[in-house]
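What follows is a short report on a single structure.
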Amino acid sequence: MADDKDVLRDVWFGRIPTCFTLYQDEVTEREAEPFYLLLPRVSYLTLVTDKVKKHFLKVMKAEDVEEIWFEYEGTPLKWHYPIGLLVDLHASNTSLPWSITVHFKNFPERDLLHCLSSSVIEAHFMSSIKEADALKHKSQVINDMQKKDHKQLWMGLQNDKFDQFWAMNRKLMEYPTEEGGFRYIPFRIYLTMSDRPFIQKLFRPISPDGHAHTLGDLLKEVCPMAINNDDESRRYQVVIHGIEPLLETPLQWLSEHLSHPDNFLHISVIPAPSD
């Protein structure tokens, strides 16, 4: 098996080839060429699309430009979800490059949060990290850090600096050996076929009798529909970072290695493709 640090690197440096196209009804002075970009799975759309915005603004008048937002096949893309989660949820079984439509008008207030500066993204990101640490360590680790340490986590993500981020984030992934894992696992399960944004409950990585809980144990308790019975054809895929982990994988290991930088394990349950 690969060294675990390699897993962290592979997750961090995962990229999605993406083609951005301007919405056909946007008013332009000349034709807008598509823009291609490799998007980092672990980042946020509004954090890594300045080049996209500049590219399309070249062909538009200032009075025709409002807040930028993105859409995939009619679905507005939530910028506060990590990019990798958006792909897993909406485009797991589509061919690459991922095709995103860019809008500058008619912001969908009911579907999206406004994001007018990177400070909004930073606030959301740090809020998630604090929530995750409340679950893992009763907030003790994040509260023991200084403000500059919090800033290092954010700057590591913003500037795509793996070593800078993990120098600080590894503290959030530690736990007393005798406990065998975190207090609770920070996770969210997303269902494309549900009106609920996600499922989130308290779930311990270790059972009362000392056994390590697995991904399958979590799904059986929290989202049983995701588990396929042996006698039926596969209805759902369980996807994390673009892969389908074995249901026997220990949840603690997944939390340490496949969590996003916000320290949450983002799990997508999507309909299995029909052959």
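Among the listed residues TYR44, TYR23, TYR36, which satisfies the condition of being hydroxyl-bearing (Ser, Thr, Tyr) and in contact with a Cys (Cβ under 7 Å, 6 or more places away or on another chain)?
Working: TYR44 fails: in contact with a Cys (Cβ under 7 Å, 6 or more places away or on another chain); TYR23 fails: in contact with a Cys (Cβ under 7 Å, 6 or more places away or on another chain).
Matching residue, one of TYR44, TYR23, TYR36: TYR36.
With the condition being aliphatic (A, V, I, L, M) and in contact with a His (Cβ under 8 Å, 6 or more places away or on another chain), I'd like the helices (runs of 4 or more DSSP H) fully within segment 83-190 carrying at least 3 qualifying residues. Give the derivation first.
On the way: elements: 83-90, 118-137, 140-144, 147-158, 162-172.
Counting at least 3 such residues, we get 118-137.
If THR46 passes every condition in (1) open to solvent by 20 Å² or more (accessible area, probe 1.4 Å); (2) touching a Ser or Thr at 6+ places or on another chain (Cβ under 8 Å); (3) among the β-branched types (Val, Ile, Thr); (4) farther than 23 Å from PHE13 by Cα but one, which one does it miss?
Only one criterion in (1) open to solvent by 20 Å² or more (accessible area, probe 1.4 Å); (2) touching a Ser or Thr at 6+ places or on another chain (Cβ under 8 Å); (3) among the β-branched types (Val, Ile, Thr); (4) farther than 23 Å from PHE13 by Cα is unmet by THR46, namely (4).
Somewhere in segment 99-111, is a residue modelled with pLDDT under 95, touching a strand residue (DSSP E or B) at 6+ places or on another chain (Cβ under 9 Å) and of a type in the set (Asp, Glu)?
Yes, there is a match, as at least one residue in segment 99-111 is modelled with pLDDT under 95, touching a strand residue (DSSP E or B) at 6+ places or on another chain (Cβ under 9 Å) and of a type in the set (Asp, Glu).
Which pairs do you get when a residue that is within 18 Å of THR21 (Cβ to Cβ), found in segment 97-114, comes within reach of a residue that is among the basic types (Lys, Arg), reach meaning Cβ atoms under 9 angstrom, with the pair 6+ apart or on two chains?
Correct list of pairs: VAL102/LYS53; PHE104/LYS53.
If I filter segment 74-128 down to residues being open to solvent by 10 Å² or more (accessible area, probe 1.4 Å) and among the acidic types (Asp, Glu), which single residue comes out as farthest from ALA62 (Cα to Cα)?
The extreme case among them is GLU122.
May I ask you to list the residues in segment 1-55 that are assigned to a helix (DSSP H, G or I) and in contact (Cβ under 8 Å) with a residue 60 or more places away in the chain?
From segment 1-55, those assigned to a helix (DSSP H, G or I) are 4-12, 45-47, 50-55; that's our starting set.
Hits for segment 1-55 are ASP4, VAL7, LEU8, ARG9, VAL11, TRP12, THR46, LEU47.
For ASP10, are the conditions met, namely being within 20 Å of the chain's Cα centre (by Cα), crowded, with 18+ Cβ neighbours inside 10 Å and among the charged types (D, E, K, R)?
Details: within 20 Å of the chain's Cα centre (by Cα): yes; crowded, with 18+ Cβ neighbours inside 10 Å: no; among the charged types (D, E, K, R): yes.
Against the criterion (within 20 Å of the chain's Cα centre (by Cα), crowded, with 18+ Cβ neighbours inside 10 Å and among the charged types (D, E, K, R)), ASP10 does not qualify.
Limited to segment 53-92, what total is found for residues that are among the basic types (Lys, Arg) and within 15 Å of LEU112 (Cβ to Cβ)?
As a first pass, look at segment 53-92 and keep what is among the basic types (Lys, Arg): 53-54, 58, 61, 78.
Of the ones still in play, those that are also within 15 Å of LEU112 (Cβ to Cβ) are 78.
Count: 1.
Determine, yes or no, whether SER117 is farther than 19 Å from HIS260 by Cβ and out of contact with any helix residue (DSSP H, G or I) (no Cβ under 7 Å at 6 or more places or on another chain).
Working: farther than 19 Å from HIS260 by Cβ: yes; out of contact with any helix residue (DSSP H, G or I) (no Cβ under 7 Å at 6 or more places or on another chain): yes.
Considered against the rule, which asks whether it is farther than 19 Å from HIS260 by Cβ and out of contact with any helix residue (DSSP H, G or I) (no Cβ under 7 Å at 6 or more places or on another chain), SER117 comes out as yes.
Conditions (1) touching a residue at least 60 places away in the same chain (Cβ under 8 Å); (2) open to solvent by less than 40 Å² (accessible area, probe 1.4 Å); (3) within 21 Å of PRO250 (Cβ to Cβ), marked per residue:
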site: GLN152; (1), (2), (3): no, no, no
site: ASN159; (1), (2), (3): no, no, no
site: GLN164; (1), (2), (3): no, no, no
site: PHE182; (1), (2), (3): yes, yes, yes
site: ARG188; (1), (2), (3): yes, yes, yes
site: THR192; (1), (2), (3): yes, no, no
site: ARG196; (1), (2), (3): no, no, no
site: LYS201; (1), (2), (3): no, no, yes
site: SER207; (1), (2), (3): no, yes, yes
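The values are calculated or read from the model by the stated rules, or taken from the named source; none is laboratory data. Predicted, not measured: the structure shown is a model, and the values here were computed from it. Ideal geometry is used to build each Cβ from the backbone, glycine not excepted, and the neighbour counts take in all protein chains shown. Note: accessible area is taken over every heavy atom of the protein model, side chains too, but ligands, DNA and RNA are not part of it. Shrake-Rupley method; radii C 1.70, N 1.55, O 1.52, S 1.80 Å.
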